[in-house]
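Throughout, read-outs are computed from the coordinates displayed, never taken from laboratory work. Here the structure is a predicted model, which is why all the values come from computation and not from measurement. Glycine gets a Cβ as well: all are built from the backbone with ideal geometry, and neighbour counts include every protein chain shown.
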Ligand code: MF3
Ligand code: CO
């Protein structure tokens, strides 16, 4: 499979899908306080999809034959959960938690995908720093989305920023191209030396998603077959934006 560049018309459709995604993340952000369950957020996200007539990109997603279909529209990953946490009625948020919400949707055949991490009430200094560093690393990566740069410049920007704080980047999961499908080539690692790989050009659309850990980047998968957790039990953080390269530079499709 090769990388397919998108026309301005396609980018407009990707923008539409990503605005639905941004709205759902806003709704979740509003709900993100102690006493709320991750299932409450799942319900709110489903209601919004219904209201605007969009389709979940995650529900029933099955990347491989030997995996169970993903059972929800949101990924809700609390504390040491890195990504792909499954919303649950039993998972009550408490003060000091950090919660990553990942959401994807199809509108008119085009996919939007984005994620944010929220503090629940007052969080530790380390947790707050992890959130800020991860969010800022995504902004640094987005700045590299300029025609003439190389793909590895994106991941290098993430890695060099967060390692400056003593944090680590996940190796086992990566960002991706996005379009008519949620996952398209190329893969977008959050690490590596700069100046390598695909030449970036106008029309390229990537979902860039730094996954950053307080301790080691080593992860394992829980028995539910989906939830990715840190091996050392320390915190993890995740932000994601879908970003297009335009004539005028990077356009963040999933930011209002
Ligand atoms: N946004 C994630 C990704 O880019 C989540 C997809 S996993 C799913 O890979 F199963 F929840 F769909
Ligand atoms: Co993604």
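Note down the relative contact order for the chain as a percent, whole number, built from C-alpha pairs under 8 angstrom at least six residues apart.
Here the relative contact order equals 23 percent.
Taking Cα centroids, how far is region 1-19 from region 59-111 in Å?
Centre-to-centre (Cα) distance: 23 Å.
May I ask you to compute the full-extension gain from residue 232 to residue 55, defined as 0.36 nm times their residue separation minus their alpha-carbon distance, rounded to one decimal in nm?
60.1 nm
Based on the mean of other beta carbon atoms within 10 Å per residue, what is the order of 88-100, 177-189, most packed first?
Ranking the peptides 88-100, 177-189 by packing returns 177-189, 88-100.
Work out how much length residue 172 to residue 247 would gain on full extension: take 0.36 nm times their residue separation and subtract the Cα-Cα distance, in nm to one decimal.
Stretched fully, the residue 172-residue 247 segment lengthens by 23.7 nm.
Distance in nm between label sites at residue 9 and residue 30, each 7 Å beyond Cα in the beta-carbon direction?
Rounded to a tenth, the inter-label distance reads 3.5 nm.
If you rank 40, 113 by fewest surrounding Cβ atoms within 10 Å, what's the result?
40, 113
Can you sort 122, 81 so the residue with the fewest Cβ neighbours within 10 Å comes first?
Arranged by neighbour count, lowest to highest, 122, 81 become 122, 81.
What share of Cα pairs, in percent, lie more than 17 angstrom apart in region 106-152?
Result for the distance tail: 57 percent.
Let's test the formula: R0 of 30 Å, r as the Cβ-Cβ distance of residue 2 and residue 68. What FRET efficiency results, to the nearest 0.05?
0.50
So what's the back-of-envelope 222 nm ellipticity for the chain, counting only DSSP H runs of four-plus at -39500 (n - 2.57) apiece and dividing by all residues, rounded to 500?
-9500 deg cm²/dmol
Subtracting the Cα-Cα distance from 0.36 nm times the residue separation, let me have the gained length for residue 165 to residue 187 in nm, one decimal.
Contour length minus the Cα-Cα distance gives 5.4 nm.
Sorting 161, 241 on the 10 Å Cβ count, fewest up front, what's the list?
161, 241
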